[in-house]
Amino acid sequence: LLQGKLFDSTVTDEGTWTLEDRQLIRIVLMKTNRDAGNCWTSLLENEYTADPWVQDQMQRKLTLERFQRENPGFDFSGAEISGNYSKGGPDFSSLEK
């Protein structure tokens, strides 16, 4: 079905697959490095490249997840992100808390 090297590593024990309606195989992989700056551009190296709009949406979602982890007291459930979110958004780690 698929042949090639994955874009990056996955957690072996977390992968699952299901056969639906005897026609569709659904494969779920858990990335080992799931941060906003590590958004895969394709499933396999140089193959199955994500649509630019889909890539943009994935980066937005992962950046919001990062902000939620870094700021657990804030509710980001209805938030939308714009501006500098490419590659994980701005780095605030050097700012004083």
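The values are calculated or read from the model by the stated rules, or taken from the named source; none is laboratory data. Owing to the predicted nature of the structure, the values given are computational and were not obtained by experimental measurement. Side chains included, ligands, DNA and RNA excluded: accessible areas come from the protein's heavy atoms. Shrake-Rupley method; radii C 1.70, N 1.55, O 1.52, S 1.80 Å.
Note on residue 3 and residue 42: the extension gain reaches 12.7 nm, defined as 0.36 nm multiplied by sequence separation minus the Cα-Cα distance. Across segment 10-88, Cα pairs under 8 Å and at least six residues apart give a relative contact order of 27 percent.
Report the equivalent ellipsoid semi-axes for segment 24-80 in whole Å, largest first, defined as the square roots of five times the eigenvalues of the gyration tensor built from alpha carbon atoms.
25, 13, 11
What accessible area per residue comes out for segment 10-88, rounded to a whole number of Å², with a 1.4 Å probe? Solvent-accessible surface per residue comes out at 76 Å².
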